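The values are calculated or read from the model by the stated rules, or taken from the named source; none is laboratory data. All of these numbers come straight from a predicted model, not from anything done at the bench. All Cβ positions, glycine included, derive from the backbone under ideal geometry; neighbour counts span all protein chains shown. The area values use the complete protein model at the heavy-atom level, side chains included, leaving out ligands, DNA and RNA. Shrake-Rupley method; radii C 1.70, N 1.55, O 1.52, S 1.80 Å.
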Amino acid sequence: MKLSAILNAGRVATGVSVTSKKKALEELSKLLAQEAGIAETDILNGLTAREKLGSTGLGHGVAIPHGRLAGVKASVGAFLRLKHPVDYDAHDGQPVDLIFGLIVPAAATEEHLKHLAAIAEKFSDDSFCKSARAAADAKALHALTIA
């Protein structure tokens, strides 16, 4: 599954300056709301509820907050590269600076799992993460991510 199906250049941001996991999720919710057709607060509440079940911090500075939400018509992704890593309660204890968010329609269980698998595969590649951290700007980061 290609990430280009869920991620456009307008939902990729670099140099995002936040001080906490909560603030990072707020910024992510703003980007996701651009196309999701539901309110930022609903997205934030959904992502926060999922985090309460267990951190979506994968380790090695990467997190993939995600959720299935009522009112979402199609899967939507957003990608933040933080200016400074934040504590994200990741399993390895490392702070996070690469955050890929995903929301999908409430009934899209299989689609949700396929997207998560594709995202996790991309972000488990150390060379991709190194390149993502070095990308010059959001446009370059988007191109790298959907390649």
May I ask you to list the lysines whose Cα is less than 28 Å away from that of LYS52, ignoring any residue fewer than eight positions away on the same chain?
LYS21, LYS22, LYS23, LYS30, LYS73, LYS83, LYS114, LYS122
Each label sits 7 Å from Cα toward the beta-carbon; between ASP89 and LYS73 the label points are separated, in nm, by 3.4 nm
If I compute solvent accessible area with a 1.4 Å probe over the protein chains, what percent of it on the chain is carbon and sulfur?
54 percent
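Whole number please: convex hull volume per residue of the Cα set in region 42-140, in Å³?
On the way: hull volume 10.3 nm³, N = 99.
Each residue corresponds to 104 Å³ of Cα convex hull volume.
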Under a 5 Å amide H to amide H cut-off, with H placed in plane at 1.01 Å, what residues pair with THR14 once short-range neighbours are removed?
ARG81, ALA138
Dipole size in debye (nearest 20) for region 1-51 around its Cα centre, Lys and Arg Cβ +1, Asp and Glu Cβ -1?
180 debye
Probe 1.4 Å, accessible area per residue of the chain, Å²:
48 Å²
Protection proxy ranking, peptides 84-90, 26-32, average beta carbon neighbours within 10 Å, highest first:
26-32, 84-90
Value at 222 nm in deg cm²/dmol, rounded to 500, when DSSP H runs of n ≥ 4 in the chain each add -39,500 (n - 2.57)
-13500 deg cm²/dmol
Listed residues LYS22, LYS73, LYS52; largest mean-square fluctuation, Gaussian network over the chain with Cα springs below 10 Å, found at LYS52
Say each of SER20 and HIS60 gets a label point 7 Å from the Cα, pointing the same way as Cα to Cβ; how far apart are those two points in nm?
3.0 nm
In cubic angstrom per residue, the convex hull of region 97-147 built on its Cα atoms measures 83 Å³
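Would you work out if region 1-68 is rounded, prolate or oblate? Take a ≥ b ≥ c from the square roots of the eigenvalues of the alpha-carbon gyration tensor; rounded if a/c is under 1.5, else prolate when a/b is larger than b/c, oblate otherwise.
Values: a/c = 1.27, a/b = 1.15, b/c = 1.10.
It is rounded, given that a/c, with a ≥ b ≥ c, falls under 1.5.
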Under unit Cβ charges (Lys, Arg +1; Asp, Glu -1), what dipole magnitude, rounded to 20 debye, does the chain have relative to its Cα centre?
220 debye
